[in-house]
Amino acid sequence: MKNERSTRDQVRELLRSAGFGLIQFDSPLQADSKLRIDVLAWAADSTGELVPWAVVELRSGQFKTPELTLPSLARSRDLLGSVDHYAVVNRQWFKADRGVRSLEPVDGPTPPPYGTGGFLADEEIATSLLLKRLWREADLERSRGVHEDFFPSAELLAETAIPGIEGGSGEFVPVRPDVLWRARRRALMQFSANSRAGSDLTSHPVIATAVAALTGSRLAGTVLDPFCGTGSFLWAAMDLALAHEAPVEFVGIDINERLADLAAMIGRTAPLITTITHGDAFREPLPQADVVLAAPPVGMHLQEPRNLIDGASTNDATVAGVDLAVRQLRPGGRAIVHVGAGFTFQHTAERFRQYLAHECRVAAVLGLPSGAVPGTGVRSVLLVIDKAEPGDTFVAQLGGDWETQLKPGGAALTAALDHLDDGAAAG
Ligand SMILES: C[S@@+](CC[C@H](N)C(=O)[O-])C[C@H]1O[C@@H](n2cnc3c(N)ncnc32)[C@H](O)[C@@H]1O
């Protein structure tokens, strides 16, 4: 075991001093694949992008025949398009010929030809490097005896002089800024979904993309999420705004300081103007918006009653949250809110529902089974509310396949969008 570690250390050291920018051990060959490569070293290609350059197979002990590594080296080359292929057998380096058919003894790896620079453009790898970092920090916190559930501090995503990711052992991997921005979002979302502290606070990724998609033809101007958490709704809407080259500005607020800081950190590197603050959405002044996206806290009781636009007051955070979303909308704007299904039938929300039916266009109601609100067993609904004259409502109750139905191109999402866009054209 000790021997194995020192071989790895030697291999890492030689690859590093040869100029490789990122060195991965036991790297999976493809996402979800059980096939792993002992060592994968990345280097810049002629365009300055970090690409999988060298593959190293490690063998030790009784293993004496380096040629036996050729089939796995050739398989790596076929799958990755890697350039140089090595076997290290009992610390002796062998390099394969171009066709990966034979091996020659060498002193160590050949330095990559385009220098030591290069930016990683592979989003999967960047995401997994960041995720590893987040989990390593979480383990560290645990080993320090921090009993409070760990949620990453925003410093872990802080900007560096060159955009990139700091590895655990002093490594720094430069990453293309657009890739880094996406990787940060994905890593944070995956971390949150799998950590006890975050899983209840982060919306399901399919909900985030569906909420963004339901903005349909209204995605413009200012997009506000008053309960933004780490910002998954805002980032999903930003993807669409970028795809449509729409000049959109994004505003988020969250009462949880750690979440707001993390969202702000991601927002700082976002390609479109983003303002994220920490505060109570029910108290802070918020901008009027063309689009409001919101998942208000589920099942929460407000300490002080809140006055609603219908003239009544409530302590129910869901009703108050939908009220806030509608209140912040400019005429012609659209709110998409994800709330517990109780909002559609509970007596406490009846008066507010009537207000919505008379004063707005409740354009779509998509019922979802339990599982769509993380950390709870409650059924939920996606409501699409336009600040416009009342009109037809698209209604659907989705079952166990709700994720398929709501993915881009999914039947329910497509049907809802047809209805919404027809309505927009008519209006
Ligand atoms: C269901 S989560 C929304 C998650 C978010 N869509 C995401 O994917 O990260 C509800 C969020 O509302 C926040 N929250 C609760 N009360 C709030 C308030 N009064 N003002 C602002 N945010 C609040 C919570 O901290 C939590 O992040």
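The test for being assigned by TED's automatic domain parsing to the domain that holds residue 315, over 23 Å from residue 229 (Cα atoms) and under 27 Å from the mean Cα position of the chain (by Cα) holds for residue 412. For region 109-132, a residue qualifies if it is on the phi < 0 side of the Ramachandran plot and in contact with a strand residue (DSSP E or B) (Cβ under 7 Å, 6 or more places away or on another chain), and the qualifying residues are 109, 110, 112, 114, 117, 119, 120, 121, 126, 129, 130.
Residue by residue, here is whether (1) assigned by TED's automatic domain parsing to the domain that holds residue 373; (2) open to solvent by less than 10 Å² (accessible area, probe 1.4 Å); (3) touching a strand residue (DSSP E or B) at 6+ places or on another chain (Cβ under 9 Å) holds:
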position	(1), (2), (3)
173	no, yes, yes
181	no, yes, no
187	no, yes, no
212	yes, yes, yes
220	yes, no, yes
227	yes, no, yes
233	yes, yes, yes
245	yes, no, no
254	yes, no, yes
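Restricting attention to region 301-347 and to residues that are touching a Pro at 6+ places or on another chain (Cβ under 8 Å) and assigned to a helix (DSSP H, G or I), the residue that is surrounded by the fewest Cβ atoms within 10 Å (Cβ to Cβ) turns out to be 317.
Can you tell me which condition residue 418 does not meet? The list is (1) of a type in the set (D, E, K, R); (2) surrounded by fewer than 15 Cβ atoms within 10 Å (Cβ to Cβ); (3) in contact with a Ser or Thr (Cβ under 9 Å, 6 or more places away or on another chain), and all the others hold. The single condition residue 418 does not satisfy is (3).
Select from region 211-257 the residues that are within 20 Å of residue 187 (Cβ to Cβ), of a type in the set (A, V, I, L, M) and free of Cβ contacts under 8 Å to residues at least 40 places away in the same chain and write down the one among them that is nearest to the ligand (Cβ to nearest atom). By that ranking, first place goes to 236.
Filtering region 30-51 to residues that are open to solvent by 20 Å² or more (accessible area, probe 1.4 Å) and assigned to a strand (DSSP E or B) leaves 36, 38, 49, 51. When the test is whether a residue is within 24 Å of residue 418 (Cβ to Cβ), part of a helix (DSSP H, G or I) and either assigned by TED's automatic domain parsing to the domain that holds residue 190 or of a type outside the set (A, V, I, L, M) (or both), residue 239 passes it. Scanning region 179-200 for residues that are within 8 Å of the ligand (Cβ to nearest atom) and free of Cβ contacts under 8 Å to residues at least 60 places away in the same chain yields a total of 2. Does residue 263 satisfy being part of a helix (DSSP H, G or I) and either away from the ligand (no atom under 11 Å from the Cβ) or in contact (Cβ under 8 Å) with a residue 12 or more places away in the chain (or both)? Criteria met by residue 263. Scanning region 82-94 for residues that are open to solvent by less than 50 Å² (accessible area, probe 1.4 Å) and farther than 17 Å from residue 27 by Cβ gives 89, 93, 94.
Taking the criterion of being part of a helix (DSSP H, G or I) and hydroxyl-bearing (Ser, Thr, Tyr), the residues of region 183-236 that qualify are 192, 199, 209, 217, 232. How about region 207-243: which of its residues are of a type in the set (Val, Ile, Thr) and modelled with pLDDT under 95? Of everything in region 207-243, just one residue is of a type in the set (Val, Ile, Thr) and modelled with pLDDT under 95, namely 230. As a summary of the residue check, residue 23 satisfies the conditions (1) in contact with a helix residue (DSSP H, G or I) (Cβ under 6 Å, 6 or more places away or on another chain); (2) exposed (fewer than 14 other Cβ atoms within 10 Å of the Cβ) except for the one numbered (2). Go through the residues of region 368-384 one by one and say whether even a single one is in a helix (DSSP H, G or I), more than 14 Å from residue 325 (Cβ to Cβ) and in the same structural domain as residue 327 (by TED's automatic domain parsing). Checked against the condition, which is being in a helix (DSSP H, G or I), more than 14 Å from residue 325 (Cβ to Cβ) and in the same structural domain as residue 327 (by TED's automatic domain parsing), region 368-384 yields no hits at all.
For region 286-300, residues that are within 13 Å of the ligand (Cβ to nearest atom) and either open to solvent by 10 Å² or more (accessible area, probe 1.4 Å) or over 28 Å from the mean Cα position of the chain (by Cα) (or both) total 6. Does residue 358 meet the test of being crowded, with 19+ Cβ neighbours inside 10 Å and either without any contact (Cβ under 8 Å) to a residue 40 or more places away in the chain or not in a strand (DSSP E or B) (or both)? No, not satisfied.
Would it be correct to say that residue 282 is near the ligand (Cβ under 8 Å from one of its atoms) and open to solvent by less than 10 Å² (accessible area, probe 1.4 Å)? For residue 282, the condition - near the ligand (Cβ under 8 Å from one of its atoms) and open to solvent by less than 10 Å² (accessible area, probe 1.4 Å) - is not met.
Applying the condition of being touching a helix residue (DSSP H, G or I) at 6+ places or on another chain (Cβ under 8 Å) and under 21 Å from residue 22 (Cα atoms) to region 56-81 and asking which residue is surrounded by the fewest Cβ atoms within 10 Å (Cβ to Cβ) yields 58.
The values are calculated or read from the model by the stated rules, or taken from the named source; none is laboratory data. Note that the coordinates shown come from a computational prediction; the quantities given were computed from them, not determined experimentally. Quick reminder, even Gly has a Cβ in these numbers, built from the backbone with ideal geometry, and neighbours come from all protein chains shown. The protein model used for the area step is the full one, side chains on, heavy atoms only, and it has no ligands, DNA or RNA in it. Shrake-Rupley method; radii C 1.70, N 1.55, O 1.52, S 1.80 Å.
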